[in-house]
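Taking it in order: structure first as C-alpha cells, then the write-up.
The values are calculated or read from the model by the stated rules, or taken from the named source; none is laboratory data. These numbers were taken from a predicted model, which means no experiment stands behind them. With ideal geometry, Cβ positions are generated from the backbone for all residues, glycine too; neighbour counts draw on all protein chains shown. Just so you know, the surface numbers come from the protein's heavy atoms only, side chains and all, with ligands and any DNA or RNA stripped out. Shrake-Rupley method; radii C 1.70, N 1.55, O 1.52, S 1.80 Å.
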Amino acid sequence: MKIKGTVWKFGDHINTDDIISARYLNTTDEKELSLHCFETIRPDFAKKVKKGDIIVAGENFGCGSSREHAPISIKGSGISVVIAKSFARIFFRNSINIGLPLIELKEVDEIEEGDILEVDFSVGHVKNMRNGKIYKFNRYPEFLEKIIESGGLMKIAEKYVKEIEKNENPKY
Amino acid sequence: MTISQKILAFHSDKKEVLPGDFIECNVDLILANDITGPLAIEEFEKIGAKKVFDPKKIVLVPDHFTPCKDIKSAELVKKLREFSKKYGVRFYEIGRAGIEHVLLPEEGLTLPGQLIIGADSHTCTYGAVCSFSTGVGSTDVAYAMITGKLWFKVPETIKFYYYGRLKEFVGGKDLILYTIGKIGVNGANYKSMEFTGPVIENLPMDDRFTMCNMAIEGGAKNGIIKFDRITENYLKEIDAKFEIKLDLKTDSENDYEKIIEINVDKIDPQVASPHLPSNSKSVWEYKDVKIDQVVIGSCTNGRISDLRKTAKILKGKKIHPEVRCIIIPATQKIYQEALKEGLIEIFLSAGCVISPPTCGPCLGGHMGVLSKGEVAIATTNRNFIGRMGHPESYVYLSNPEVAIASAIKGKICHPEEVI
Ligand code: SF4
C-alpha cells in the first residue's frame with residue numbers, strides 16, 4: 001500500500017486532551033469528533049486538513065487518557081498515517097485495533113511542516129518529496145500484522161461470534 | 001519473572017513469558033465508563049454479538065459526566081444502563097456509585113493475582129492490591145466482553161526502591177510526583193513500575209492506590225506493589241473473598257530491566273506546575289502563585305484518608321475569600337463516612353462546596369470548570385493544557401494537605417504555613 005500526503009508537524013508529548021478535548025467526549029460520532037481534532041493546540045487543523053494528509057510528531061505521541069476518541073477523530077479527519085518518534089502505549093493499541101496506521105521513525109526532525117511524503121508500507125519506506133530523502137521504518141511484528149490484516153480486532157471477534165453460533169465450544 | 005510477568009503468564013496458561021512476547025490472556029475483570037463504554041457497546045452491537053462471555057466479570061460505571069450534565073451525556077449513560085439490563089452485567093447507578101477506580105476496590109472486585117483491563121487509563125490503580133491491571137481502549141473492551149480474552153505485549157519491569165524516612169505531610173502522592181519528575185512522562189513507556197522498599201512496605205493502602213494510579217503518568221503499562229500484610233488486612237477489612245493461585249513475588253533482581261533507588265529523606269511535599277505532571281518540585285519553590293480554585297477529589301486523592309487529612313488542617317479556619325474550594329468524596333460510601341466523622345461539617349463551615357461523587361472538574365467536564373487565565377491547585381493526576389477548562393487556564397497538582405493549605409492562604413503554600 002502506498003500513501004502520499006502533506007505533513008502537519010507536531011512536537012513531543014502530544015496528549016489525548018490536545019488531540020480531542022474532554023468537553024467533546026459526550027459523543028462517539030467520528031465526523032463530529034473530527035471537527036474538534038487538535039482544536040486546543042491547532043485551532044485551524046480541522047478546517048484545513050485534507051484527506052490523505054500525514055501527521056509527523058516527536059516522542060510519546062498520544063499520551064494521557066485511554067479515549068479511543070483520539071485516534072478516531074484523527075482517522076475521521078482524513079489523516080492517512082501518523083509518524084512519530086514514539087507512541088504512548090494505549091494510543092498505539094487503539095490505533096492498531098481501529099486500523100489507523102502508525103509508523104515509528106527516529107528521523108522525524110528532518111521532516112518539516114508542509115513537506116510532501118510518500119509512504120510505502122509494503123517495503124517500509126518513507127520518501128520526502130522535497131529533497132528525495134528516503135527513510136526506512138520497521139514493519140509491525142507478525143502478531144500485530146495479523147490483527148491489521150484481519151481488518152482490526154473486531155473482525156476477529158466477528159469470526160468468533162459466528163463460530164459460537166455454529167458450535168458451543170469454539171477453539172479460539 | 002517479575003510479579004507482573006507472572007500474572008500475565010498465569011493468565012495465558014504459559015509456564016514462562018519473556019518481555020516483548022505477544023500473548024493472549026484470559027481476563028478476570030473488564031471495566032468501562034460513560035465515555036468509553038458506549039463506544040465499546042457500539043462495536044459489540046455492530047458485529048452482531050448476542051452475549052457477553054461472563055456478565056459477572058463486566059462492570060460499567062458512569063462517573064465522568066454524572067450526574068448527567070447535559071442531554072448528550074444522559075444518552076451515553078442510558079446506553080450503559082440498557083446494555084446492563086440486556087446482558088446482566090454490573091452497572092453502578094449514581095447514588096450507589098462513585099469514581100470507578102475508587103469504587104471497584106471498595107466493592108471487593110479487584111483482587112490479588114487478577115488480570116484486569118479497563119477502558120480508562122487509570123485502571124492501573126488496582127496494582128495496589130497486587131493485580132496486573134492496565135488501561136486499554138474501547139475496541140479492546142468490546143473484544144474482551146465477547147471472548148473473555150485480550151492481546152498483550154509482555155512488558156519489562158522497572159523496580160523503584162524507596163528508602164529513608166518520610167517527612168511530615170509527605171505521602172504517596174508526593175512520592176509518585178517526585179518519581180515522575182525524575183523519569184519524565186514517558187520514562188516508563190510500555191513498562192511495569194514495581195514500587196518496593198521499606199517505605200512502601202509501611203505505606204498505607206490509600207497511598208498505594210495513589211501511587212499505582214499515577215503509574216500511567218510515567219507512561220507505564222501498570223504499576224504494582226507486592227502482596228503483603230497491609231494488602232491482606234485491607235482486603236479483610238472490606239470483607240473481600242479471594243484465593244491466591246500463583247506466587248506473587250518477583251523471582252530475582254535480574255528479572256528487572258532497571259532498578260531506581262530513591263532516598264525519601266529530603267523529599268518535601270511536591271507540586272507539579274502546568275502543563276505536565278513531571279514538572280514536580282518542592283512546594284517551597286512556589287513563592288507567589290495565587291490561585292482561584294482548589295479541587296480535592298478524583299481517583300487519585302478522593303479517598304477517606306485524603307478527606308481526613310484535609311479536614312485536620314482546615315478545622316476552625318476559613319477558605320481564603322478569593323478562592324473557591326471544591327471537595328469531592330470519591331464514592332457514596334466515602335461521602336457517608338465523611339459525614340459521620342464530621343468532616344463535611346468542617347468543610348461546609350469553612351466555605352467549601354461539596355460535590356457529589358464524580359470525576360467532574362478533573363477532566364474539565366463540569367462541577368468547577370476554569371475560565372480563561374484562572375489558576376487551580378488540584379489533587380488530581382493531570383495538568384495538561386485545558387484539562388480543567390479553558391485552554392489558557394493553569395492546573396497545579398499536589399497532595400490534599402498542600403491543596404487545602406493553599407486554599408486557606410490564597411496561594412500555593414506548605415501546610416506548615418497555615419497551622
Ligand atoms: S477522576 Fe479524573 S483521572 Fe480519575 S477516572 Fe475520573 S477523569 Fe479520569
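In region B:3-21, is there at least one residue being under 24 Å from the mean Cα position of the chain (by Cα), buried (at least 21 other Cβ atoms within 10 Å of the Cβ), over 19 Å from A:Met154 (Cβ atoms) and of a type in the set (Val, Ile, Thr)? Among the residues of region B:3-21, at least one is under 24 Å from the mean Cα position of the chain (by Cα), buried (at least 21 other Cβ atoms within 10 Å of the Cβ), over 19 Å from A:Met154 (Cβ atoms) and of a type in the set (Val, Ile, Thr), which makes the answer yes. Screening region B:21-108 for strands (runs of 3 or more DSSP E) wholly inside it with 2 or more residues that are within 16 Å of the ligand (Cβ to nearest atom) and in contact with a Gly (Cβ under 9 Å, 6 or more places away or on another chain) returns the ranges B:29-33, B:58-61. Return a yes/no flag: does region B:211-228 have any residue that is assigned to a loop (DSSP other than H, G, I, E, B), basic (Lys, Arg) and open to solvent by less than 50 Å² (accessible area, probe 1.4 Å). So far as region B:211-228 goes, yes, one or more of its residues are assigned to a loop (DSSP other than H, G, I, E, B), basic (Lys, Arg) and open to solvent by less than 50 Å² (accessible area, probe 1.4 Å). Residues in region B:250-265 that are exposed (fewer than 13 other Cβ atoms within 10 Å of the Cβ) and assigned to a loop (DSSP other than H, G, I, E, B): B:Asp251, B:Ser252, B:Asp265.
This table checks each residue for (1) open to solvent by 40 Å² or more (accessible area, probe 1.4 Å); (2) within 24 Å of B:Asp140 (Cβ to Cβ); (3) in contact with a Phe, Trp or Tyr (Cβ under 8 Å, 6 or more places away or on another chain); (4) more than 10 Å from chain B (Cβ to nearest Cβ).
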site	(1), (2), (3), (4)
A:His125	yes, no, yes, yes
A:Asn128	no, no, yes, yes
A:Lys133	yes, no, no, yes
A:Arg139	yes, yes, yes, yes
A:Leu144	no, yes, yes, no
A:Glu149	yes, yes, no, yes
A:Glu163	yes, yes, yes, yes
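For region B:118-136, taking the residues that are within 15 Å of the ligand (Cβ to nearest atom) and within 18 Å of B:Glu24 (Cα to Cα), the one that is farthest from the other protein chains (Cβ to nearest Cβ) is identified as B:Ser133. Scanning region B:266-313 for residues that are more than 16 Å from the ligand (Cβ to nearest atom) and assigned to a strand (DSSP E or B) turns up B:Gln270, B:Val271, B:Ser280, B:Lys281, B:Ser282, B:Lys290. If you take the residues of region B:398-411 that are assigned to a loop (DSSP other than H, G, I, E, B) and within 16 Å of the ligand (Cβ to nearest atom), which of them is surrounded by the most Cβ atoms within 10 Å (Cβ to Cβ)? Step by step, filter region B:398-411, then rank; the result is B:Asn399.
Scanning region B:88-97 for residues that are open to solvent by less than 10 Å² (accessible area, probe 1.4 Å) and on the phi > 0 side of the Ramachandran plot turns up nothing. Among the conditions (1) in contact with a Phe, Trp or Tyr (Cβ under 7 Å, 6 or more places away or on another chain); (2) more than 16 Å from the ligand (Cβ to nearest atom); (3) open to solvent by 10 Å² or more (accessible area, probe 1.4 Å), the only one that B:His366 does not satisfy is (2). Only residues that are at the interface with chain B (Cβ under 8 Å from one of its Cβ atoms) and not aliphatic (A, V, I, L, M) were counted in region A:16-70, giving 17.
Tell me which residues, restricted to region B:370-397, are in contact (Cβ under 8 Å) with a residue 40 or more places away in the chain, surrounded by fewer than 21 Cβ atoms within 10 Å (Cβ to Cβ) and more than 10 Å from chain A (Cβ to nearest Cβ). Those that are in contact (Cβ under 8 Å) with a residue 40 or more places away in the chain, surrounded by fewer than 21 Cβ atoms within 10 Å (Cβ to Cβ) and more than 10 Å from chain A (Cβ to nearest Cβ): B:Glu374, B:Val375. Filtering region B:101-129 down to residues that are of a type in the set (D, E, K, R) and over 21 Å from B:Val52 (Cα atoms), which residue is least open to solvent (accessible area, probe 1.4 Å)? Once the filter is applied, the top-ranked residue is B:Glu106. Residues in region B:147-196 that are within 14 Å of another protein chain (Cβ to nearest Cβ), of a type outside the set (Ser, Thr, Tyr) and assigned to a loop (DSSP other than H, G, I, E, B): B:Gly148, B:Val154, B:Pro155, B:Glu156, B:Gly184, B:Val185, B:Asn186, B:Gly187, B:Ala188, B:Asn189, B:Lys191.
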